[in-house]
1. Can you tell me which lysines have their Cα less than 25 Å from the Cα of residue 4? Leave out same-chain residues fewer than eight positions away.
2. Give me the distance in nm between label points sitting 7 Å out from Cα along the Cα-to-Cβ direction at residue 143 and residue 43, one decimal.
3. Which shape class, rounded, prolate or oblate, goes with the stretch 42-176 when its Cα gyration tensor gives a ≥ b ≥ c as root eigenvalues, a/c under 1.5 marks rounded, and past that a/b bigger than b/c marks prolate?
4. Decide, for the stretch 67-138, between rounded, prolate and oblate: order the square roots of the alpha carbon gyration tensor eigenvalues as a ≥ b ≥ c, take rounded if a/c falls under 1.5, and otherwise choose prolate if a/b is larger than b/c, else oblate.
5. When we measure straight from the Cα of residue 114, which lysines land under 24 angstrom away, once same-chain ones fewer than 8 places off are left out?
6. Taking a virtual spin label 7 Å from the Cα of residue 104 along the C-beta vector, which residues in the stretch 143-166 bring their backbone nitrogen under 11 Å of it?
7. Non-local amide H neighbours of residue 173 (under 5 Å, H modeled in plane, Pro and chain starts lacking H): which ones?
8. State whether the stretch 122-183 is rounded, prolate or oblate according to the following rule on the C-alpha gyration tensor (a ≥ b ≥ c being the square roots of its eigenvalues): a/c under 1.5 gives rounded; otherwise a/b larger than b/c gives prolate, and the remaining case gives oblate.
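Values in this text are rule-based calculations from the coordinates and carry no lab data. Because the structure is predicted, anything quoted here is derived from the model rather than measured. Virtual Cβ from ideal backbone geometry, glycine too; neighbours counted across all protein chains shown.
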Amino acid sequence: MLTKAQTGITAALLAIVLFSNTGCMHITAGPDFPIPIPVTPYWQDRLEDRAWVKERYERAPILGPLTAGSPVKALDEPSDDEVMRAFERADRIEGGIPLLWEAQRNNVQITKEKIADYIDPPRVVPLIGPVQLHHAHYKCTIYYSQKTRVGWPFPHTVVDEDAREVVYIDHNHFHMVGNVQTD
């Protein structure tokens, strides 16, 4: 009969031999190539959404200087994608849990209304230089019909035909000030 200490030592030696000869990991040299780590679809989707939002909506562009006599108006109004992403972030509904609680939004219509458009006085921002911050505020109303299916403890469906939500979105961007030389 083997003692507990002998069994532990044997198991450790067997583990070292098995892991050192798999071809993926070498104890002395380290991995020769990156080891794939499985990621659940939830986390993968969340990472992709964060990258999409950062790339598209979280950056403030720096535009050229404003010229005298030209109309001062904001850039494009928010896209439907931006409005729906802001709405889902505020509402925290992304479909629900299958067979337990599910929500669907159908017949979505979005209206966008500019409520403010103004420019701050010039100031110096580090790493940018003298700039003016241009603000544009939008009120986006989302009209939709929502169907909610609850599966537990008593299965039932709730339909709200005239649902509406209001989302406020701010678009900010910089305008350079003064004699600007662009290369």
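1. Straight-distance partners of residue 4: none at all.
2. Going by the 7 Å Cα→Cβ label model, 4.3 nm.
3. prolate
4. On the way: a/c = 4.80, a/b = 2.34, b/c = 2.05.
Verdict is prolate for the stretch 67-138.
5. In chain and number order, the partners are 54, 73, 139.
6. Taking a point 7 Å out along Cα→Cβ of residue 104, the residues of the stretch 143-166 whose backbone N falls under 11 Å are 146-149.
7. Under 5 Å from the amide H of residue 173 lie the amide H atoms of 134, each far enough along the sequence or on another chain.
8. Details: a/c = 5.78, a/b = 3.80, b/c = 1.52.
It comes out prolate by the Cα gyration axes.
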